[in-house]
1. So how far, in whole Å, is the C-alpha centre of segment 183-220 from the one of segment 144-173?
2. Would you please report the Å³ per residue occupied by the convex hull of the alpha carbon atoms in segment 163-206?
3. Determine Rg/Rh for segment 114-195; Rg is computed over alpha-carbon atoms and Rh is the Kirkwood hydrodynamic estimate from the same atoms.
4. How big is Rg to Rh over segment 407-458, alpha-carbon atoms, Rh as the Kirkwood inverse-mean-distance radius?
5. Between Asp325 and Asp458, 0.36 nm times their residue separation minus their Cα-Cα distance comes to what?
6. With a probe of 1.4 Å, find how much accessible area segment 84-152 has per residue, and write the answer as a whole number in Å².
7. I'd like the Kirkwood hydrodynamic radius of segment 323-385, using the inverse of the mean 1/r over distinct C-alpha pairs, in Å.
8. Arrange the residues Tyr126, Tyr419 by how much accessible surface each exposes, largest first, with a 1.4 angstrom probe.
Amino acid sequence: MRLICLTLLIISGITDSRAEQYEVVGAAGPVLAVAGEDVILPCSVKPNISVVDMRVEWFRLDLRDSLVHLYDDHVDRNTDQSQSYRGRTGLNHQELQRGDASLKLSSVRVSDEGLYKCFIQSKSRYDDTTVNVSVEAVGRPPVITVDGFDHSGGLHLQCESEGWYPEPDLEWLNNEGVSLRSETTEKHRNTDRFSAKHTITVHERDSKIHCRFKLKHHMLETLLITTSNMFNSWRTSVIMISVFVVLGVIAGILIAVFAHKYKEQIQLNNKYNKLQKEKRRIQEVNVILDADTAYSRLIVSDDGKQVKLGNTQTEGEDRGKNRFDYDLAVVGMEGFSSRCFYFEVQVTGQTVWYLGVTRESAERKRVMSLTPERGYWILGLRYGRYLARDSPDFSLSPRVDPERIGVFVDYKKGLIFFYDVESSSHIYTYTNQSFKDKLYPFVSLGSDSNPTPLIICD
């Protein structure tokens, strides 16, 4: 009898062991992250069995205080988490049931670059995978300044920019796109970012000179147009030289702002004037925020016109299947389709925000990028950098920091237009979009402790 029982126990152990056979897999190559934005570090088990009852640990291989995130016994346990990751990591607990233990890392920093280990342990087995994270920080648009003439009438140009990581490559190009040799190049590292400048002397008249700063995956460029008058004036009038220099610098800065717009953006100045007139004929919608869709730490005012970040998160509260679980966001109660609509949002005092529209069927329950492919058409501010969450993200340089933003939507034309109400200036436009279901107003806050609300304007 004892022999039979022992045999059954051995067979049961073998069966359980086979049931927990799995392999932990991660990314096929390095994961690119952009400073100031969010990134997903992939990690899952094959086959796709649930890891809800397992231990999931993320840590850095190249740091002593290395714990990034710990999930154990069905809850997150980040008491010993490295200080630099506090409040910036999260697992999608619903995806754990499908074997996905990918980590969302918010507000990426240059110091986040390195090797990460994803370790998953069951009762009888463990396995891990390594994820290599590469960080890039896109600096300010390059600025070209005219620094006088040499004895032969050549034009001295200097181009500089700051806020890059890793060290950027610098390049001058002529009218045909041929690379020109820099005369001097200087690069400096300030804390975790690089600043750089380089100079060149040009003699071409009526030509276009490009200054380019580039990383492996990002690039910014500024254009200066040299004219014959620039080169003739230096011999006859110092005053006229100054005038042309100022005009050249202004032209270079303006062109830098719009250099990377899509081809459709070329005619936006004309469209803007038409939209300003059309806006007067459009009924502004009365946007009321739907508290049942708000992330659990958000507080929506009783009249549905304001939303701000609360101090604590309501555990276990379920306000409907349409509630945001990971993004600090909320949508309007009413959706719109088959017509134009317009609303305004006051963002004064907020350091991190996103706003725009989202389609009715867009996912709200998991970690993802809020892009048009996912049903989100938004722009925002994140730690001093304005951007549109297009595909790919597009950096913006408004003339002044906007305090009140208008959102105009032409459903039939597939157009979503953002502009600064106070300065009546265009910010960004999504064009040639295709809508099939209702669009809802969308606003989102950052995860810092800023108590200032976003306000839907009447």
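The values are calculated or read from the model by the stated rules, or taken from the named source; none is laboratory data. The model shown is predicted, which means the values in this text are computed figures rather than measured ones. Positions of Cβ are generated from backbone atoms using ideal geometry, with glycine treated the same way; all protein chains shown enter the neighbour counts. Surface accessibility is based on the protein's heavy atoms, side chains included, excluding ligands, DNA and RNA. Shrake-Rupley method; radii C 1.70, N 1.55, O 1.52, S 1.80 Å.
1. Computed from Cα coordinates, the inter-centre distance equals 6 Å.
2. On the way: hull volume 3.5 nm³, N = 44.
Looking at segment 163-206, the number lands at 79 Å³ per residue.
3. Values: Rg = 22.1 Å, Rh = 16.9 Å.
Taking Rg over the Kirkwood Rh, I get 1.31.
4. Values: Rg = 14.0 Å, Rh = 13.5 Å.
My calculation puts Rg/Rh at 1.04.
5. Details: separation 133, 0.36 × 133 = 47.88 nm, distance 2.85 nm.
Stretched fully, the Asp325-Asp458 segment lengthens by 45.0 nm.
6. Counting only protein heavy atoms, the per-residue value for segment 84-152 is 43 Å².
7. Numbers: mean 1/r = 0.0755 Å⁻¹.
The answer is 13.3 Å.
8. Values: Tyr126 140, Tyr419 15 Å².
Greatest to least solvent exposure: Tyr126, Tyr419.
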